[in-house]
Structure formats: structure tokens, C-alpha cells
1. I'd like to verify a number: residues in the stretch 226-261 that are in contact with a strand residue (DSSP E or B) (Cβ under 8 Å, 6 or more places away or on another chain), among the aliphatic types (A, V, I, L, M) and part of a loop (DSSP other than H, G, I, E, B), how many?
2. Answer with yes or no whether LEU277 is more than 20 Å from LEU126 (Cα to Cα), buried (at least 18 other Cβ atoms within 10 Å of the Cβ) and not assigned by TED's automatic domain parsing to the domain that holds LYS73.
3. Considering the stretch 103-159 alone, what residues qualify as being among the charged types (D, E, K, R) and either over 19 Å from ALA205 (Cβ atoms) or touching a Cys at 6+ places or on another chain (Cβ under 8 Å) (or both)?
4. Go through the stretch 171-198 and count every residue that is within 20 Å of SER268 (Cβ to Cβ), exposed (fewer than 15 other Cβ atoms within 10 Å of the Cβ) and not aliphatic (A, V, I, L, M).
5. Out of the helices (runs of 4 or more DSSP H) lying entirely within the stretch 118-225, which hold 2 or more residues that are under 20 Å from LYS283 (Cα atoms) and outside the structural domain of LEU108 (by TED's automatic domain parsing)?
6. Please determine whether any residue of the stretch 147-154 is touching a Ser or Thr at 6+ places or on another chain (Cβ under 9 Å) and of a type outside the set (Ser, Thr, Tyr).
7. Please enumerate the residues belonging to the stretch 208-217 that are more than 27 Å from ARG195 (Cα to Cα) and touching a residue at least 40 places away in the same chain (Cβ under 8 Å).
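The values are calculated or read from the model by the stated rules, or taken from the named source; none is laboratory data. On a predicted model such as this, the values are computed, not experimentally measured, just so you know. Ideal geometry is used to build each Cβ from the backbone, glycine not excepted, and the neighbour counts take in all protein chains shown.
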Amino acid sequence: MAVGRPKRVTLRGRWLGQRLRELRDENRMKVDEVGDYLQRSSGTISRFESGLYPIRRAEVVALLDLYCVNDAKQRENLLRIADDVWQTGWWDGYAGDVSGWLVDFVWLESLATEHRLFEPCALPGLLQTEQYARALMMADDPSASKEQFDRWIELRMERQRLLDRDTPPCLDVVVDEAVLRRRVGGSRIMRAQLRHVLDVMDHPAVTFRVLPFSIGAHAGAVGSFNIFEMAEPYSEVAYVETVKGGLYIESPDTRPIVDRYDRLREASLDCEASAELISALIKELS
């Protein structure tokens, strides 16, 4: 990743600002007192704490000293986040094509050591063929230009390259049976998509399970969600998609979502039975 001034408010920038605000509150200091210490305006300090302005590493060090943060591990973790705020990755090149929350999602996806997800309506982006993805996008936003569709497809295909890494994240997927039966793009495109899922299921880092219709009511009625297990200095993060964008939830508040995922996984077919179901559906489409 390259280093440069962030061009947008990032999730990691908000996390750093939130922790700095918590440290200030713990020390019972006012914004203007911190501003005087750093020789910054009160408005700038507030923007640091909200993540609107990126804060330089030297100023983070000064604040850690001011707030008497002497624990070496805590200081190291906060300084690593401060450094990450100034890092840019390939995904930032698509900031003009998608919402900021989606760019943050791709950043999490790229850093996660384990990624668990539930999808009730469509196959996850990491498993989609180009034609399946295009059919979904055209149904979602039929007014978009061909050039815009091409950029969205390019981003989605680029995301999938993480499974080609020497040490890819563990991808644990549960989808509703309806996802496999809905003929997105027509029979030909769906048949190729299901064959692609079978191929990806052979990847040692991928686990794919189907939640069958026969289970009846289940814990996934709330909709799709993702759980990212992160290496230090980051904690576990859950992502819940809404009509207006994404909601990010940090550990320990992720516990109810993790519990919900575990119940869905337990209710699902095992990998072998899931593959058998997919194979049967491919024959139906032939």
C-alpha cells in the first residue's frame, strides 16, 4: 500500500478518532485544552476525533503522552492504526465509483484473517461470475451506464483475487437455498454460476453451506451480514447491510451477530450435502 493524505473519511480514521476522544474523556480534559497542547484549534481537535481530519503520527504520540498512555501494547496498536489511516490501497482507486462504506468493506475484506457471511438473496461477491454479477447490478440500478457497470464488475473481480494469495483468509459462507434456485440472468448464466461455486468449494480456504428450505423459520430473517476476524491492532468487526448503506459493529458488540451466524451454520447442510444439492440444480438447468 502507498502512503498519502486520505481523500475521504475512512473507517479506520473514525476508529482512531473515537479512541482518542475516549482517552480525552477518561482524562477529563476539554477540547480547547488539548488544542492548546497541540497548538491546534478546538475545531481541528474535534475533526481529529470524528475522523474528518487525519492526524499525523507525531501528534498521536504527543496525545498518548498527554493522556498518560504508558502501556506499550496499547501505544503500539494505536500508532499502527494511525499509520494505517495514511495508507492507500488499490480499492481507494474505486472511491469515485462506489460509496465510502463499500470501500471500507473491501479494506476489511483484504485484511481479515477469517470472513464469515450469510446471504439470503444472492451469492456473495467473492463467488460471483462476471455475468451473474452484471445481471445483479443491472437489476439493482438499470439506469447506470455501461462504463459504470464495467467499473463495478472490475472492482468485484479484483476483490476475488484475495483467494489466490499464498495465505488467503478463511471464507465461511452460508446461503439460503433460494439463492441457488433464483435464476439470475437466466438458466445459462445461472448454470455457469453454480458450476463456479462447485469449483470454488474445492479451495482449501473456502467452506460453503446451504440453508435448506426444509429448515423452515431460521435466524437469517434479519438479512445479510458479514463477520470479519481481524489481526491486531483491530478487533472483530461485523457488517450489516441496509438500504442506505452499511453499518459496522465492533467487538464485543458483535456477539449477537456471531451467535446468529453459528445458529445458521448449525442448521445448514454440510459441505458434501450442499455440493450434492448444487449438482442436482445444475442438472435441472441443463
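1. Residues that pass the stated criteria total 1.
2. No.
3. Selection gives ASP104, GLU114, GLU130, ARG134, ASP140, ASP141, LYS146, GLU147, ASP150, ARG151, GLU154.
4. 2
5. Answer list for the stretch 118-225: none.
6. no
7. Once the filter is applied, which keeps residues that are more than 27 Å from ARG195 (Cα to Cα) and touching a residue at least 40 places away in the same chain (Cβ under 8 Å), the stretch 208-217 yields nothing.
Conditions tested, residue by residue: (1) within 18 Å of GLN74 (Cβ to Cβ); (2) surrounded by 17 or more Cβ atoms within 10 Å (Cβ to Cβ).
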| residue | (1), (2) |
| --- | --- |
| GLU26 | yes, no |
| ASP32 | no, no |
| GLY35 | no, yes |
| GLN39 | no, no |
| SER42 | no, no |
| ARG47 | no, yes |
| VAL60 | yes, yes |
